[in-house]
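Input: a single structure, listed below in structure tokens.
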Amino acid sequence: MSELTTTIGAVLKQKAGDVLSVAPDASVYQAIEIMAKKGVGALLVMEHGQLLGIVSERDYARKIVLQGHNSKDTPVSAIMSSPVFTVTRQHTVGECLRIITDKHFRHLAVVEQGAVVGVVSIGDLVNCVITEQEQTIRHLHAYISGAAH
């Protein structure tokens with residue numbers, strides 16, 4: 001299977017199952033704390049199981065730091081990106097790379113039947129491509145080595 005046709009469902013199977021989120025009324029400071037603790041660059045903004053937006057380190061830098069707002073007094077809802085562009089498990093890595101490139105996103109929410117089932121980042125997609133390329137190189141090397149004997 002080519003790296004560009006690998007499904008997002010397969011990518012999600014390689015990741016931890018947790019979907020990290022924050023409530024819209026949480027402070028930006030709380031969201032940044034969670035991101036730092038979990039080592040992620042974005043959180044989904046959800047309320048009662050509904051996806052309302054996404055907040056990222058980029059949103060923090062551009063909408064809090066540069067504009068001189070106080071992260072402890074500003075709710076996530078004030079800086080989140082909304083609506084969120086979503087994909088399904090059936091989307092391919094290639095399709096998602098095109099979306100991320102065209103729209104300048106770094107994260108995509110994965111939604112099935114109205115429920116969030118995961119998040120993929122540009123890093124997840126690139127790692128998938130690299131892994132697939134390494135496998136292809138190993139297979140070609142084995143083929144060439146075997147054919148030479």
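See the values below:
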{"item": "In segment 97-145, the residues that are open to solvent by less than 50 Å² (accessible area, probe 1.4 Å), over 24 Å from D18 (Cβ atoms) and not acidic (D, E)", "result": "S145"}
{"item": "Pairs, first surrounded by 10 or more Cβ atoms within 10 Å (Cβ to Cβ) in segment 65-77, second in a loop (DSSP other than H, G, I, E, B), C-beta under 6 Å, six or more apart", "result": "P75/D25; V76/P24; V76/A26; S77/P24"}
{"item": "Members of segment 11-22 found to be at pLDDT below 95, not in a helix (DSSP H, G or I) and not charged (D, E, K, R), listed by number", "result": "Q14, A16, G17, V19, L20"}
{"item": "Residues of segment 1-39 classified as over 20 Å from V93 (Cα atoms) and of a type in the set (A, V, I, L, M, F, W, C), total", "result": "10"}
{"item": "Test: residue in segment 101-109 that is part of a helix (DSSP H, G or I), under 13 Å from the mean Cα position of the chain (by Cα) and of a type in the set (D, E, K, R)", "result": "no"}
{"item": "A42 being surrounded by 20 or more Cβ atoms within 10 Å (Cβ to Cβ), in contact (Cβ under 8 Å) with a residue 60 or more places away in the chain and of a type in the set (G, A, S)", "result": "yes"}
{"item": "Checking V40 against (1) closer than 28 Å to E134 by Cα; (2) part of a helix (DSSP H, G or I), the condition it does not meet", "result": "(2)"}
{"item": "Some residue of segment 117-133 being touching a residue at least 24 places away in the same chain (Cβ under 8 Å), in a loop (DSSP other than H, G, I, E, B) and out of contact with any helix residue (DSSP H, G or I) (no Cβ under 8 Å at 6 or more places or on another chain)", "result": "no"}
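For every residue, the table says whether it meets (1) of a type outside the set (K, R); (2) at pLDDT 90 or above.
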residue: G9; (1), (2): yes, yes
residue: P24; (1), (2): yes, yes
residue: A31; (1), (2): yes, yes
residue: K38; (1), (2): no, yes
residue: L51; (1), (2): yes, yes
residue: Y60; (1), (2): yes, yes
residue: Q67; (1), (2): yes, no
residue: T74; (1), (2): yes, yes
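The values are calculated or read from the model by the stated rules, or taken from the named source; none is laboratory data. If you're wondering where the values come from, they're calculated on a predicted model, not measured in any experiment. Glycine also receives a Cβ, built like all others from the backbone with ideal geometry; neighbour counts cover every protein chain displayed. Keep in mind that these areas ignore ligands, DNA and RNA; they rest on the heavy atoms of the full protein, side chains included. Shrake-Rupley method; radii C 1.70, N 1.55, O 1.52, S 1.80 Å.
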